Structure formats: C-alpha cells, structure tokens
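Here the structure is laid out as structure tokens; the discussion comes afterwards.
The values are calculated or read from the model by the stated rules, or taken from the named source; none is laboratory data. Remember, predicted model here, so these are calculated numbers, not experimental data. Positions of Cβ are generated from backbone atoms using ideal geometry, with glycine treated the same way; all protein chains shown enter the neighbour counts. Calculation scope for accessible area: heavy atoms of the full protein, side chains included, ligands and nucleic acids excluded. Shrake-Rupley method; radii C 1.70, N 1.55, O 1.52, S 1.80 Å.
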Amino acid sequence: MLDHRLSTEYEELRRTVAEFANDRVAPKIGEYYEQNEFPYEIVREMGEMGLFGLPFPEEYGGMGGDYFALGIALEELARVDSSVAITLEAAVSLGAMPVYRFGTEEQKRTWLPKLTSGETLGAFGLTEPEGGSDAGATRTTARYDEATDEWVINGTKCFITNSGTDITGLVTVTALTEPTTRADGAALSPTREISSIIVPAGTPGFQVSKKYSKVGWNASDTRELSFTDCRVPAANLLGERGRGYAQFLRILDEGRIAIAALATGLAQGCVDQSVAYAGQRRAFGRPIGANQVIQFKLADMEMRAHTARLAWRDAASRLLHSEPFKKEAAIAKLYASEAAVDNAREATQIHGGYGFMNEFPVARFWRDCKILEIGEGTSEVQRMLIARELGVTS
C-alpha cells in the first residue's frame, strides 16, 4: 500500500521549520509587513538554519537535501507568513537553481556557496512589461561584443523578486542573443534565440528601481530592473547559448511545485487561525464553532489544504524519481493557489470584522493569496499546460 507519511528526516525538518516559523517569524513579521520592510534578521536566521541550501549538494555549501525538503520548509513558513516563504522560494528555485542546473563548474563554485548559505540572494529576470504570460516574447537584448569579449545588455524586466535587497548578489537575465531584424526592420531570422546571462549586482548599466507598492507580500522585495548598455563578461553566459527558453521552462516547472507547497501552507494557515478563532469567539452565548455553518466552512477548508498537499507532494516525488512531472506540477500549482484564495476568503468571513484588521494574520493571508494565482504562471496558463499534456490542444 502507498504510505504518504513523511520519513523521519522529513518530519524532523518539518518540526524544526514549524517551530522557527511560530517562535521567530510570527512575533515579528506583522511589523515588517506593515512597514514594508525586508526582514533581514529573519532571512539571516534562515540562512544559519541551512534553508537556502536545502536542495543542493554539500560540495556547494548545500544541505544535501532535495526539492521535497524545500517544499516542506516552504509550506511550514507560509502557514505563518508568505513574504518570508516567497523570499526563500525565489532565492532557491529562481536564484540559485538555474546556476546549479545549467552553470559551469566555475560558475557553481563562484556563486553557489554564497547563495546556499543565504549570505547572498539571487533573482531571475524573466518577466517583461509587455510580455506577461508570454515569456517567450522577450525584448531584452544581449549583443556579443567580440572586441571586448562581453555581452552588452539592453532592456527592462518587471516584478522581479529579491532583486534589490542589500544582499542581492546576482540576477539571471533572459535576453535575445541574436538579432531578429535589421536596422531597416527587415527580418533576419525566423527564430528567436534566447539565452540566459548572469548579471552581478552593481554592474554598471544595471539599474534597480524603487520597490513596488504592492497589495500583499509587503515584507518581500519586488522591483523593476533596467539594463542600459550593461556589459558583463562572455563567461557569464549561463548554459548553452540559445537554450535560455528551454532552461526557464524547466525552472518554472520546478518552481510551480514550490509555489504549490507555499500556497498549501497559506491554505493550512487559514485553517489553523480559523479553528482557533472559532473556539474562542463567542456569539449568542456559545462559541461560533458550535454553529454548523462554521463547522462546514472549516471542513471544506481542511479538505482543500489536504488535497493541495497531496498534489504538490506527488509532483515533487515525480521530480525526485526523474519521472515526467510537468502536468502534475501544473495541477498542483493550479489547485493549491485556488485553494489558498478560497481558504483566505472563508477565513476572513469566519473572523468577521476582525478579519479585516491587520493585527489578525488572516488579513495578511487575504492580501497575499491572490498573487499565487498569477505568479510563475497564471491559473489560465496552468489549465493550458494541463490540456496540452492531455493532447487536446494544437
């Protein structure tokens, strides 16, 4: 029979992260969130715990774990706060993982020890202002200058997490590395050669904008980036030239598992807070949890969180066993993100007027949940991917 219980090692990790989230994150995060401040102290402690190195080999400073372990950590963090969880998710899945998956040995030795320790954060510059879900519509360009053996980058990226903190060390940028038109507008190539290039923070010509004013994830760092004749060594090319599109598709497939785990945590956090509130809040002479309408809401919320957990764990297990997982990752991301939104709405309703007050965690959950249906592939994109895997689209 199938055994869905966690191994001793995974369970120990889950308990450790849960304790950290409840004891260290929960008491402080509300203040960071309300002041729109990045929680450097919490991030430093996460680094000391080894969370940024969970899925990486020890030879690069990692913990020798896997993507399943990362998912467990993200779920437990997001049960308390999503800003902290997305900082970890983006740093690992989007910042360090491309270097590990596609980097040269020299690039790995240079960057991974800093990234896996949490000393440095990495970011992934994919989305563009006019691109959105059409990630292949990249307009940022990188021209190879033979005279200096450098890439010259020009363009703009938007909604990039971890890109402007005091400890951000690099952004991996996707760019067109072969012109598709001549100066007069005539077509040169029928294909779009997209490559990935590492741009260290502080490189001349690399400009980081001020933080966005966001609805949620207020204690995480999200910015627009611009590149104006930004020059980096040719050796900063990440992986094979022209393979950038395939690389970020792989990174996004994996990242959807991580986002699903995070969304599951938010959904479960809504259950946790609502069960506690329903037992404490009294109306008409008894706890509101004694009312069947509240009981049914809680039952549905727990059902959604439980099913989301099974979905992301199934996708992660397939990844670990080198089995196809694209469809399962899309299912997990789609279901878990929608479960998070549904649970946040119900949790706010159960809390009544208090659910609209920022001193209650569910207000933060409500503000944070919607982006989960948008980031790393919208719900519409996930449905498209699932249908494509079923063979019912052209």
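Tabulated data
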quantity: Along principal axes, Cα extents of region 322-394, largest first, whole Å; calculated: 48, 26, 18
quantity: Carbon plus sulfur fraction of accessible area for the chain, probe 1.4 Å, in percent; calculated: 52
quantity: Rg over Rh, two decimals, region 264-377 (C-alpha only, Kirkwood Rh); calculated: 1.07
quantity: With at most 10 neighbouring Cβ atoms within 10 Å, loop trypsin sites (Lys or Arg not before Pro) (DSSP) excluded, longest segment of the chain; calculated: 211-394
quantity: Centre separation in Å (Cα based) which lies between region 1-34 and region 60-74; calculated: 13
quantity: Dipole-positive endmost among Val80, Gly62, Leu115 within the chain (Cβ charges, Cα centre); calculated: Val80
quantity: Of the GluC sites (Glu not before Pro) in region 292-346, those whose Cβ has at most 16 other Cβ within 10 Å and which sit in DSSP loop; calculated: none
quantity: Kyte-Doolittle mean at least 0.0 and Cα axial length at least 30 Å: DSSP H helices in the chain; calculated: 244-280
quantity: DSSP beta bridges in the chain [antiparallel fraction, %, rounded to 5]; calculated: 85
quantity: Calculated P(r) over Cα pairs in 20 Å bins from 0, in percent (choose from (1) 22, 47, 26, 5, 0; (2) 28, 56, 15, 1, 0; (3) 26, 54, 19, 1), label; calculated: (2)
quantity: Compactness of region 1-140 as Cα Rg over 2.2 N^0.38 Å, two decimals; calculated: 1.14
quantity: Dimensionless Rg over Rh [region 90-179; C-alpha; Kirkwood]; calculated: 0.99
quantity: Per residue solvent-accessible surface (Å²) - the chain, probe of 1.4 Å; calculated: 45
